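Written out below as structure tokens is the structure these notes cover.
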Amino acid sequence: MSKPILVIKFGTASITRENGDLDETVIAGIARQVAELHEAYHIVLVSSGAVAAGKQFMKHYGGTISERKAAAAIGNPLLLNKYSRYFAPYGIAVAQSLCERQHFSGREQFLQLKRTYEELWANNIIPIANENDVVSSTELKFSDNDELATLIAVGFGASMLLFSTSVAGVLDREGKVVSQIDVIDQQALGLADKEKSALGLGGMVSKLTFARLATRMGIRVVIFGIRTNDGILHALKGETGTLCLPQPCSMPARRKWLASGSLVTGRVLIDAGAQEALEKRHSLLAVGVKEILEKFEGGEVIEIVNDQNIAIAVGRARLSSDVLEKHSRQQNTEVAHADDIVLL
């Protein structure tokens, strides 16, 4: 791509008032700041808020799955209309992109999504992505839009991912903003308040978890407060919020997709010898598999865990778990080839 890719995620709490109504002042500010960046970046906006926008039109809304789906059906056009209205004065058109988890689990489907976004960018149109709550199954949902934003950023090779929040950034125990996190480890994850927002599904735990994945894939991440004056513009420069530094990553695009976007369907437990082999970039052989934790078919993506039950890799299986059980003691039976394994 001729321009760097920038992904910006707006949560429900970021763009709504306390009563749940869309905050048009915030959306107007988003449009103004993004318009300034439009010439320099290919931009994807990932915006929650459809359920919040739609539930006010429902009688006795109680938050059940079917009610959330109905509220999303009402709210999606309302949400896009607001964005379209405030981008229009800058001569920028927007497009709605309702995504499902399966769009990222299959490589070909994902590439089709990518080509669609590239066509929108070629016509100076900004895609606004959101989960397709109306039809998404509970088994194949994104955990929240933080995950959707991260999968887009990693899969498209974004240079930067911005998470907007209703607070100023990641806060320390004294309530002060942590300006920079070099590596998102367990200590950094411990900074997150375990409480979730009353409006959204995610929280700081979610943002740090997916920021960890993005930074491991070489993406610069900033978690910032949307109500900071010119917050997007300052976050882009690392002047506000919490900057999470990218880690060195030379992984090709296909393996980045495998590590982040593919849908894991099975799990295997391996021994110490197999773990050592994987760390040396060798294939996973059947003799190194101690136990099949979750069954899978050939061609599906599996999670590979060690004796401490820690996920150390994902890989595309060359055979099914049933076949693996039959050939578990054969020396050269290959479960996953090295080229189809990504260490986590």
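Can you confirm whether Gly75 is in contact with a Gly (Cβ under 9 Å, 6 or more places away or on another chain) and modelled with pLDDT of 90 or more? Here the answer is yes, as Gly75 does meet what is asked. A single entry from Gly54, Gly62 fulfils the requirement of being more than 17 Å from Ile126 (Cβ to Cβ) and in a loop (DSSP other than H, G, I, E, B): Gly62. Has the range 161-182 got at least one residue that is under 29 Å from Glu18 (Cα atoms) and modelled with pLDDT under 80? No, the conditions are met nowhere in the range 161-182. The residues in the range 95-134 that are among the acidic types (Asp, Glu) and in contact with a Phe, Trp or Tyr (Cβ under 7 Å, 6 or more places away or on another chain) can be counted, and the count is 1.
Summed over the range 244-265, the residues that are of a type in the set (Gly, Ala, Ser) and out of contact with any helix residue (DSSP H, G or I) (no Cβ under 6 Å at 6 or more places or on another chain) give a count of 3.
Would you call Asn81 touching a residue at least 40 places away in the same chain (Cβ under 8 Å), assigned by TED's automatic domain parsing to the domain that holds His42 and not hydroxyl-bearing (Ser, Thr, Tyr)? Taking the combined requirement at face value, the residue does not satisfy it. Contact map, the range 237-253: residues that are on the phi > 0 side of the Ramachandran plot and in a loop (DSSP other than H, G, I, E, B) paired with residues that are surrounded by 15 or more Cβ atoms within 10 Å (Cβ to Cβ) and not hydrophobic (A, V, I, L, M, F, W, C), Cβ distance under 7 Å, separation 6+ or inter-chain. Pairs shown: Gly241/Gly169; Gly241/Gly225.
Among the residues in the range 83-95, are any at pLDDT below 95 and outside any strand (DSSP E or B)? No, there is no match, as no residue in the range 83-95 is at pLDDT below 95 and outside any strand (DSSP E or B). All conditions in (1) at negative phi; (2) outside any helix (DSSP H, G or I) hold for Arg281, with the sole exception of (1).
Annotation: of all residues in the range 98-147 being of a type in the set (Asp, Glu) and in a helix (DSSP H, G or I), the one that is modelled with the lowest pLDDT is Glu139. Among the residues examined, Gly20 does not qualify as at pLDDT below 95 and surrounded by 19 or more Cβ atoms within 10 Å (Cβ to Cβ).
The test for being in the same structural domain as Gly155 (by TED's automatic domain parsing) and surrounded by fewer than 19 Cβ atoms within 10 Å (Cβ to Cβ) does not hold for Asn76. Scanning the range 274-296 for residues that are over 21 Å from Met251 (Cα atoms) and surrounded by 14 or more Cβ atoms within 10 Å (Cβ to Cβ) gives Ala274, Leu285, Ala286, Val287, Gly288, Val289, Lys290, Ile292, Leu293, Lys295, Phe296. Looking at the range 56-65, is at least one residue surrounded by 21 or more Cβ atoms within 10 Å (Cβ to Cβ), out of contact with any Phe, Trp or Tyr (no Cβ under 6 Å at 6 or more places or on another chain) and in the same structural domain as Ile232 (by TED's automatic domain parsing)? Checked against the condition, which is being surrounded by 21 or more Cβ atoms within 10 Å (Cβ to Cβ), out of contact with any Phe, Trp or Tyr (no Cβ under 6 Å at 6 or more places or on another chain) and in the same structural domain as Ile232 (by TED's automatic domain parsing), the range 56-65 yields no hits at all.
The set of residues in the range 308-322 that are in contact with a helix residue (DSSP H, G or I) (Cβ under 9 Å, 6 or more places away or on another chain) and not in a loop (DSSP other than H, G, I, E, B) comprises Ile312, Ala313, Val314, Gly315, Arg316.
The values are calculated or read from the model by the stated rules, or taken from the named source; none is laboratory data. Since this is a predicted model, take the numbers as computed values, not measurements. Because the Cβ atoms are built from the backbone with ideal geometry, glycine has one as well, and the counts that use them run over all protein chains shown.
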